[in-house]
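See structure below.
The values are calculated or read from the model by the stated rules, or taken from the named source; none is laboratory data. As the structure is a computational prediction, the values presented were derived from the model and not from experiment. Here the Cβ positions follow ideal geometry from the backbone for every residue, glycine too, while neighbour counts run over all protein chains shown.
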Amino acid sequence: MRHFLLLLTIALCTSPAWGQQGIKALVLDLDGKPLEYCNVVGYTKDSVFMRGTITDSLGRFTISNVDSLFYLRFSSLGYATQDVPVLNFPAQVRMAPENIAVDGVVVEGRRPRLTMERGKLKMNVRGTILSERPHVGKVLSQIPGLTAENNGEASLIGGGTLVTFIDGRKVLSSDELQALDPKDIESITLDRAPGTRYGSGVRAVLNIRTVHRFDQISVLARSWVDFNHLVSYGANAQVGYYTKTTKFLFFIRHRDDRELKTELMDAKSAPFKQLLVRRIDTTRYLKDYARAQVDFLPNEKLSTGVRYNFSWNRETASDLTRTQFNPGHAAWERVDATGDVRGNSPSHHVSGYVTYKPTKDWEIELNADVFARDMRRHQLTHERSAAVNRDINWKTDAHYLLWQLSPRVSYSFTKEQALEAGADINHITGDRQQYKENRMSVDGRNGEALYAAYTNYTYALSEKWNLSAGLRYEHAASRLSDARVPANDVSRTYDNLFFSGKISGQIGNAMHVFDVSSGTQRPALEDLSNNSYYSSRFILQESNPKLIPAKIYRANYAFNYGPIFAGLSYRYTRDHIDHLIHQNPNDPDGYVFAKANFKHHHSGQAMLGMQMSLAKWYTIDISGLAQLERIDGKQYGLALKARPLYYGKISQTFSFSWVNFEIEYAYQSPLTAGTFEAREQHTLEASVWRSFFKDRLYVYIEASNILAARDVAYTRVGGLSLLHDDYRDSRKIELFIRYRFNKATSKNRTSAASESIDRL
């Protein structure tokens, strides 16, 4: 009898629970080890998503209300996805590894693998070596065609506007990216042909998908310090609460960044004038940021949320400038200047959204934003020379207000066809006052209104080929007024129709994507103002109220085969916006830096990327880019030559049971970008990391910019030849330490909460 009871107990413990409680089971790998963070999603007989969860640290999960479910789908990076019928559900689900053979080389699931899904480049993160990086910037930099800073701010190599989303919600600040732990990222998708939904000025969209957690409380605290010639430090804290219906997040951060910059400028103009400027600039940035976010998901049809972001940036800079000038006037042979800059910029941003799905075919969404920013800057410079001893006092005070409303609706006719339509209503106003020598020089107001409507159509031509096309109409009206000089008022109105089209499909094991689109680049409000800024006795920086938007036409081709990604692109821009240097009309010995429109701009680009795991202990990432651009400068009497850019990066990772190493080298060839030429650059970084105490303690050390790369640019405009040597002290040693405290289970004990402390 005792043996029978024992066997009955074992059977009850190893069998899934049913009825009102739903299904309770285990997810294991083939070695019998539990799989944490495995996605478990329930579907109806018609493959309609109903509910989902993830496994906890012991591989356990619970799915309730299973009467409406037909099967459960299990997916985890590095493992083959499988569907298990709900009827007679087993006590355990075993996940087999997903290995892919490419030309005799086995690419294991541990290593990130590039894939192309409906024309979008996707890179898996969870379960790969990328999830062990200290911050999200190290992850984003591995995507072909992207560069990223440590704060997570990413940009496209070759230029263009990049918009980032986290789980479908637009990122309002790089601070949101800093709050992400790479271990919480499921995958990252880059769409280089996003269609007409995201605005005519958007070139690419980056979507970060995180691991979905249910019924969990998380607390994250971080602090870091950077050592080089100056010391920078910061700290942040995050508290999150997640349930199946509610998500609450609060984040706060303080940074104290210090930067040392040396600058050399050598300008020569025909026939005899020469200007030599040497500057040492020490800048301190104090940055405070806070974010509160609440999301509600009461059912499968409705979701809503609101976010509030507050930032307060302060800048303090001191510089020492020595200017030597030889125009044949001995009085200006040498000028020494000391300058102090004080800046203050608080901002507030409130955004909200509502998404409603009345049926599986319909989706209605409304997004709203209100943004306000104040910008105050005070520059005091003291000049000394044989002839002059004076103080130059510049003050700028600006206020900006933006609000936007974006409704959207989509309808799926069939599984193969869908239509999306929406609108954007955007209003921006800006007030600026500028004072020179305590006398008002600018009293201006900017205003811009944008009314846009768009539609996108997608059609699955077959199981392997997809087509999408879209149109976007924009009516933009802008006005710049000067209360001091009403004659300088500028008003413009633009009506434009933009298009996008994309076809993607698979031939054999290779994915192909071709797209065409048109768009625009509008000047920033600051570039359109009447403001000017003092740089030195002979150099002035000015805005240009006469700037007009640029019109852009693009054509791209992308190719993906296994771990290999390649792409070709061409871009033509009319009324291209770029920097222009010209002689100061009010000072024959001075120069003015400003932006201007160039009639024609052509740019071609070729990219190649490969991410492979050649052994369990050795992985390699290789990416390369070649770009050629040409600007027509005939309208300014300039003969601007085209010079190709070559960029390459190789990253090698060595992973052992006791330690991990990574070495990354990047090369950038000499280049010509508009009116500027730049020398070649070599950068080298090395890092080592290891985990202790069952992954509770994580230590990461990195040496950055070992070769002391510097920005050296040349400008040749007409009879002016200018050398600009700009070096920011970016060599540093980073120490990153993370400790995960004892895990605490949530109220239903299906998932764990953790707290960590990071030092960087």
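What the table below lists for this structure:
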| read-out | value |
| --- | --- |
| Sole residue being outside the structural domain of GLY127 (by TED's automatic domain parsing), modelled with pLDDT under 80 and under 16 Å from LYS244 (Cα atoms), chosen from PHE49, PHE70 | PHE49 |
| Filter pass, LEU684 being closer than 30 Å to SER603 by Cβ and either touching a residue at least 60 places away in the same chain (Cβ under 8 Å) or in contact with a Lys or Arg (Cβ under 6 Å, 6 or more places away or on another chain) (or both) | no |
| Residue in the stretch 682-698 that is farthest from VAL659 (Cα to Cα), counting only those that are surrounded by 15 or more Cβ atoms within 10 Å (Cβ to Cβ) and at pLDDT below 80 | ARG696 |
| Residues of the stretch 259-286 classified as under 26 Å from VAL231 (Cβ atoms) and either at pLDDT below 85 or not in a strand (DSSP E or B) (or both), total | 14 |
| Some residue of the stretch 442-450 being surrounded by 14 or more Cβ atoms within 10 Å (Cβ to Cβ), at pLDDT 90 or above, under 25 Å from GLU363 (Cα atoms) and touching a strand residue (DSSP E or B) at 6+ places or on another chain (Cβ under 8 Å) | no |
| Filter pass, TYR289 being surrounded by 18 or more Cβ atoms within 10 Å (Cβ to Cβ), at pLDDT 85 or above, in contact with a Leu (Cβ under 9 Å, 6 or more places away or on another chain) and among the hydroxyl-bearing types (Ser, Thr, Tyr) | no |
| Every pair of residues 6+ apart whose Cβ atoms lie under 8 Å, when the first sits in the stretch 602-626 and is without any contact (Cβ under 8 Å) to a residue 24 or more places away in the chain while the second is among the small types (Gly, Ala, Ser) | ALA626/ALA606 |
| The stretch 508-529: number of residues that are of a type in the set (A, V, I, L, M, F, W, C), in contact (Cβ under 8 Å) with a residue 12 or more places away in the chain and over 12 Å from TYR557 (Cβ atoms) | 3 |
| Those residues of the stretch 78-116 which are on the phi > 0 side of the Ramachandran plot, at pLDDT 65 or above and surrounded by fewer than 18 Cβ atoms within 10 Å (Cβ to Cβ), in sequence order | ASN88 |
| From TYR561, TYR557, residue being closer than 22 Å to THR196 by Cα, surrounded by fewer than 19 Cβ atoms within 10 Å (Cβ to Cβ) and outside the structural domain of ARG192 (by TED's automatic domain parsing) | TYR557 |
| Any pair with Cβ under 8 angstrom, 6 or more apart, that starts in the stretch 224-235 at a residue that is more than 20 Å from ASP281 (Cβ to Cβ) and ends at one that is polar (S, T, N, Q) and in a strand (DSSP E or B) | VAL225/SER232; TYR233/SER223; GLY234/SER223; ALA235/SER223 |
| Selected residue (criterion: surrounded by the most Cβ atoms within 10 Å (Cβ to Cβ)) from residues of the stretch 572-598 that are aliphatic (A, V, I, L, M) and within 30 Å of SER518 (Cα to Cα) | ILE577 |
| Residue check for TYR289: aromatic (Phe, Trp, Tyr), part of a strand (DSSP E or B) and in contact with a helix residue (DSSP H, G or I) (Cβ under 7 Å, 6 or more places away or on another chain) | yes |
| Cβ pairs under 6 Å, 6+ apart, first in the stretch 79-90 and under 13 Å from TYR43 (Cα atoms), second basic (Lys, Arg) | ASP83/ARG73 |
| Members of the stretch 559-582 that are farther than 26 Å from LYS595 by Cα, of a type outside the set (Phe, Trp, Tyr) and not in a loop (DSSP other than H, G, I, E, B) | ASN560, ILE564, ALA566, GLY567, LEU568 |
